[in-house]
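The values are calculated or read from the model by the stated rules, or taken from the named source; none is laboratory data. Predicted model only: the values in this text are computed from it and were never measured. FYI the Cβ positions are ideal-geometry reconstructions off the backbone, even for glycines, and counts take in every protein chain you see. Quick note on the areas: whole protein, heavy atoms, side chains included, nothing else; ligands and nucleic acids left out. Shrake-Rupley method; radii C 1.70, N 1.55, O 1.52, S 1.80 Å.
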Amino acid sequence: MSELQSRRAAAPQSGGAPAEFPIRIGPARFANPYFAASGCFGYGLEYATYIAPTELGAIVTKTITLEPRAGNPMPRLQETPAGLLNSIGLQNVGLEVYLRDKLPELLAAGGVPFVSIAAADHDEYVHMAARLAEHPGIVAVEVNLGCPNVDAGGDRDAAEARAVERITRAVKDRLPDRAVAIKLTPNVTDITNLARGAEQGGADAVVAINTVAGMDIDLQGGRPTFARVRAGLSGPAIFPIALLRVWEIARAVDIPVVAVGGIAGPTEALKFFMAGATAVQLGTVLYSRPELLAEVRQGVRDFVRERGLSHPHELRLGPDAGARFDRAGPACAPD
Amino acid sequence: MSIHDEGDGWRSFMVKPVGPASRELAGLGPGAQVDVTPPLGNGFPGAADLAAGRLQPAARPTGARAAAPRLLLVGGGFGVAPLHFVARRLDALDAGSDYTILYGGRTARDVELEVLDGVRGAVLPSTDDGTLGFHGTCVDLAVEQVRRRGPGVAARTIVLACGSHAMMAALHAALRAHVAHVFVSLEAVMACGVGVCMGCVTPSVRGMVPICTEGPVFRSEDVFDVATEVQHV
């Protein structure tokens, strides 16, 4: 029986996986450090045939906006040699339908929702956070500050550390007893500024990175492939970029860093842990290989045990790792 | 890529090599093992239902027998591949279904009639430049075919179409009002295949819906009579 077949056979019955390498982010505890990335796992149950929601430490939902969004015109996807360009445009059912229909379903299945939200302005963030606070089943919220595929907010917002701090404060003030994580865009000059802004605003964690801005041109049609021209790149190509940002942020703030971007197997997850990540998210890879989650869990487990360690956090490289380059600052290239 | 034919213990697929994945698939040899996750979404209405004219919503007075439908299978280019599968299933019913396959291409070289080897129904090719068969598009030919048999037959004609988006839109515009049903098979680049990523959507009467789960086959009026909406924050 192929790996995929055995995974599929096991998935529906394998709910309630035992806690393995549990972690803490702010006031929230998670059974393991493996999350599903936002936009890659729907609202949590769509992949149930392949991955029981309880196998993941948390499922970051598709980003919810106050009102339902239809999203961008087609085409929305373009494959690249080592990744995927997307311009979905935050198509989602909207806050009220999410709370009424989607959230209870995932909770009933024993899944842990990490609710991703995006708003147009400060007041809308306040309103959404207050609504989420009314639901005790929501233990964690991810603020999507850096989506390149929408008009308002997006990179302009996130590029301002002050704005990050203000929005973080607005959300955290209304969710003091839940984990509030700020997801950052890599499409800025210095992501550590934004991370410090999030920390100063009271964030319990920083999530890095969102997709990397890119585009494609339709050769035959003689026009940009995507209606908005700009799209987001994910997948293996962006792993080295994500790894650097996680490394930098982990050395700039004291709060946990959740790493995401280009995980293709246990190797990338382990490197993220070595760079200082507290948890990792799997995204694009699940589209083609949902069995990857089990492989990552097994690979990390083996690597940790082989070294006589008891948790992947112990893999984190010490303060002097990379010190030769750190002293020169992030703007300088290593010799 | 399309299901093409089936037999006792086997299924065949037609693959058009257009990129890395399809080229790899097309290059596989006997004995190669492939993980398949079928089926995604829906298909054309089943052969038995088609042959009996039995399609939802079926608003028929009690006791009335449905008149046997006329089936028009319209394929543009590679779109003819799944229609071959439909035709073989109709043939297997041995119900003597009244079906015609319209197969269109730009020029004679693009109309590979051997794709339709083995079907019992009539095959009418068309080419934009007239180098083979009907001179015009398969949509023009479909309109001519419907017109030729008169409104009585048109009212019990079911059209199954597969081809470019523009071709199916044109077919809908030209024929929907005159025939019983038009079913179209849409396609899009897909990532997840399970209705999660929203990368393969089509505008529809139910909003932007994934083609991988809600399709690929739709009633043409569900996807071509809607305005595309783009929401800006």
Study note, to complete from the structure: Flagged in segment B:26-42 as more than 14 Å from every other protein chain (Cβ to nearest Cβ) and either in contact (Cβ under 8 Å) with a residue 12 or more places away in the chain or part of a loop (DSSP other than H, G, I, E, B) (or both), in numbering order, are B:G27, B:L28, B:G29, B:P30, B:G31, B:N42
Check your understanding: Within segment B:21-42, can you find the residues that are of a type in the set (A, V, I, L, M, F, W, C), open to solvent by less than 70 Å² (accessible area, probe 1.4 Å) and within 25 Å of the chain's Cα centre (by Cα)?
Key -> B:A21, B:L25, B:A26
Point to revise | For B:K16: the one exception among (1) exposed (fewer than 13 other Cβ atoms within 10 Å of the Cβ); (2) in a loop (DSSP other than H, G, I, E, B); (3) of a type in the set (D, E, K, R) | key: (1)
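Evaluate the following for B:V115: is it surrounded by fewer than 23 Cβ atoms within 10 Å (Cβ to Cβ), away from every other protein chain (no Cβ under 14 Å) and within 30 Å of B:L93 (Cβ to Cβ)? Step through it out loud before you land on a result.
Details: surrounded by fewer than 23 Cβ atoms within 10 Å (Cβ to Cβ): yes; away from every other protein chain (no Cβ under 14 Å): yes; within 30 Å of B:L93 (Cβ to Cβ): yes.
Answer is yes for this residue.
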Check your understanding: So which of B:G199, B:G215 is in contact (Cβ under 8 Å) with a residue 40 or more places away in the chain and within 14 Å of chain A (Cβ to nearest Cβ)?
Key -> B:G215
Practice item. Would you be able to say whether some residue in segment B:181-192 is modelled with pLDDT under 95, at positive phi, open to solvent by less than 20 Å² (accessible area, probe 1.4 Å) and within 11 Å of chain A (Cβ to nearest Cβ)? Key: no
Review point. Looking at (1) more than 8 Å from chain B (Cβ to nearest Cβ); (2) under 17 Å from the mean Cα position of the chain (by Cα); (3) open to solvent by less than 30 Å² (accessible area, probe 1.4 Å), can you tell me which one A:V112 breaks?
Key: (3)
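Being of a type in the set (A, V, I, L, M, F, W, C) and out of contact with any Gly (no Cβ under 9 Å at 6 or more places or on another chain) is the requirement here; does B:A161 meet it? First the steps, then the outcome.
On the way: of a type in the set (A, V, I, L, M, F, W, C): yes; out of contact with any Gly (no Cβ under 9 Å at 6 or more places or on another chain): no.
For B:A161, the condition - of a type in the set (A, V, I, L, M, F, W, C) and out of contact with any Gly (no Cβ under 9 Å at 6 or more places or on another chain) - is not met.
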**Study point:** Hits in segment A:76-107 - residues which are charged (D, E, K, R) and within 8 Å of chain B (Cβ to nearest Cβ)
**Key:** A:R76, A:E79
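To keep it simple, each residue is scored yes or no on (1) open to solvent by less than 50 Å² (accessible area, probe 1.4 Å); (2) aliphatic (A, V, I, L, M); (3) free of Cβ contacts under 8 Å to residues at least 40 places away in the same chain; (4) in contact with a helix residue (DSSP H, G or I) (Cβ under 6 Å, 6 or more places away or on another chain).
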position: A:A163; (1), (2), (3), (4): yes, yes, yes, yes
position: A:A170; (1), (2), (3), (4): yes, yes, no, yes
position: A:L175; (1), (2), (3), (4): yes, yes, no, yes
position: A:K183; (1), (2), (3), (4): yes, no, no, no
position: A:I191; (1), (2), (3), (4): yes, yes, no, yes
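Within segment B:1-20, track down each residue that is within 14 Å of another protein chain (Cβ to nearest Cβ) and within 23 Å of the chain's Cα centre (by Cα). Walk me through it before giving the result.
Within segment B:1-20, the first condition is being within 14 Å of another protein chain (Cβ to nearest Cβ), and the residues that meet it are B:18-20.
If the condition is that a residue be within 14 Å of another protein chain (Cβ to nearest Cβ) and within 23 Å of the chain's Cα centre (by Cα), then B:V18, B:G19 are the ones that fit.
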Check your understanding: Residue check: is B:V86 part of a loop (DSSP other than H, G, I, E, B) and within 27 Å of B:G46 (Cβ to Cβ)?
Key -> no
Check your understanding: Out of segment A:39-61, which residues are closer than 20 Å to A:L95 by Cβ and open to solvent by 20 Å² or more (accessible area, probe 1.4 Å)?
Key -> A:Y43, A:L45, A:E46
**Study point:** Pairs with Cβ under 7 Å, 6+ apart, first in segment B:141-157 and in contact (Cβ under 8 Å) with a residue 24 or more places away in the chain, second open to solvent by 10 Å² or more (accessible area, probe 1.4 Å) and of a type in the set (F, W, Y)
**Key:** B:L141/B:F134
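Would you check which residues across segment B:218-233 are at pLDDT 95 or above and within 13 Å of another protein chain (Cβ to nearest Cβ) and list them? Reasoning before the result, please.
Step one: list which residues in segment B:218-233 are at pLDDT 95 or above, which gives B:218-224.
Hit for segment B:218-233 is B:V223, nothing else.
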